[in-house]
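Participant: Dropping a structure here in structure tokens format, bear with me for questions.
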Amino acid sequence: MMSASMDEATLVRWGRALGAVAARTPVFVALEGPLGSGKTTLVRAACEGAGVADVVTSPTYTLVHRYGSDPPIHHADLYRISARHQLLELGWDDLVAGESTVFVE
């Protein structure tokens, strides 16, 4: 399910452009939407735009995925985080303090 205002092809083009920027400078992106709305599609496209060849999947069960190496792109799903200590145990401080791009659902 995609937004009525943006089809998948447009989302992918936008994501690739965002990834090209993310390859040069850290970016923080907050993603919100129901299952199937294109959040992982956007991250996959951003990784492509940044030159990352890794297979990009949803971090629903692992909570955080790291793609590429210099600088990395992180994709976090915080849906199941219910307390601050869980966020800290996940390494949140390192994620947001580093020189990497972070996509958060």
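Participant: Which one is surrounded by the fewest Cβ atoms within 10 Å (Cβ to Cβ), of the residues in region 31-69 that are of a type in the set (D, E, K, R) and over 17 Å from T10 (Cα atoms)? If you could, list the steps in order and put the result at the bottom.
Facilitator: We begin by selecting, within region 31-69, every residue of a type in the set (D, E, K, R); these are 32, 39, 44, 48, 54, 66.
From the residues that got through so far, the ones that are over 17 Å from T10 (Cα atoms) too are 32, 54, 66.
On the way: E32: 8, D54: 14, R66: 14.
Within region 31-69, the match that is surrounded by the fewest Cβ atoms within 10 Å (Cβ to Cβ) is E32.
Participant: Restricting to region 79-105, count the residues that are surrounded by 10 or more Cβ atoms within 10 Å (Cβ to Cβ) and either in contact (Cβ under 8 Å) with a residue 60 or more places away in the chain or in contact with a Phe, Trp or Tyr (Cβ under 8 Å, 6 or more places away or on another chain) (or both). Quick ask: steps written out before the conclusion?
Facilitator: Here is the first cut: in region 79-105, the ones surrounded by 10 or more Cβ atoms within 10 Å (Cβ to Cβ) are 79, 81, 86-96, 98, 100-105.
Filter again for either in contact (Cβ under 8 Å) with a residue 60 or more places away in the chain or in contact with a Phe, Trp or Tyr (Cβ under 8 Å, 6 or more places away or on another chain) (or both), leaving 96, 98, 100-105.
Result for region 79-105: 8.
Conditions tested, residue by residue: (1) of a type outside the set (S, T, Y); (2) in a helix (DSSP H, G or I); (3) under 11 Å from the mean Cα position of the chain (by Cα).
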position: G51; (1), (2), (3): yes, no, no
position: T60; (1), (2), (3): no, no, no
position: P71; (1), (2), (3): yes, no, no
position: H74; (1), (2), (3): yes, no, yes
position: R80; (1), (2), (3): yes, no, no
position: H85; (1), (2), (3): yes, yes, no
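Participant: Would a scan of region 21-32 turn up a residue that is on the phi < 0 side of the Ramachandran plot, part of a helix (DSSP H, G or I) and touching a Gly at 6+ places or on another chain (Cβ under 6 Å)? So that I can check it myself, show each step before the final result.
Facilitator: Step one: list which residues in region 21-32 are on the phi < 0 side of the Ramachandran plot, which gives 21-32.
With the extra rule that they be part of a helix (DSSP H, G or I), the set shrinks to 21-22.
Applying the additional criterion that residues be touching a Gly at 6+ places or on another chain (Cβ under 6 Å) yields none.
Scanning region 21-32, I find no residue that is on the phi < 0 side of the Ramachandran plot, part of a helix (DSSP H, G or I) and touching a Gly at 6+ places or on another chain (Cβ under 6 Å), so the answer is no.
Participant: Filter region 34-66 down to residues that are at positive phi and at pLDDT below 90, then give me how many there are. Write out each step before concluding.
Facilitator: Of the residues in region 34-66, the ones at positive phi are 36, 38, 51, 63.
Retained after the next criterion (residues that are at pLDDT below 90): 36.
Residues that pass the stated criteria total 1.
Participant: Also: So which residues in region 1-17 are closer than 25 Å to V96 by Cβ and either within 11 Å of the chain's Cα centre (by Cα) or not in a helix (DSSP H, G or I) (or both)? Steps first, answer last, please.
Facilitator: If we filter region 1-17 for residues that are closer than 25 Å to V96 by Cβ, which is where we start, we get 11, 14-17.
Answer for region 1-17, where residues must be closer than 25 Å to V96 by Cβ and either within 11 Å of the chain's Cα centre (by Cα) or not in a helix (DSSP H, G or I) (or both): just G15.
Participant: Now for a separate question. Considering only residues of region 53-78 that are without any contact (Cβ under 8 Å) to a residue 24 or more places away in the chain and of a type in the set (V, I, T), which is nearest to V27 (Cα to Cα)?
Facilitator: Among those that are without any contact (Cβ under 8 Å) to a residue 24 or more places away in the chain and of a type in the set (V, I, T), it is V56.
The values are calculated or read from the model by the stated rules, or taken from the named source; none is laboratory data. The shown structure was predicted, so the numbers you read here are calculated from the model rather than taken from an experiment. Cβ atoms come from the backbone with ideal geometry, glycine included; neighbour counts cover every protein chain shown.
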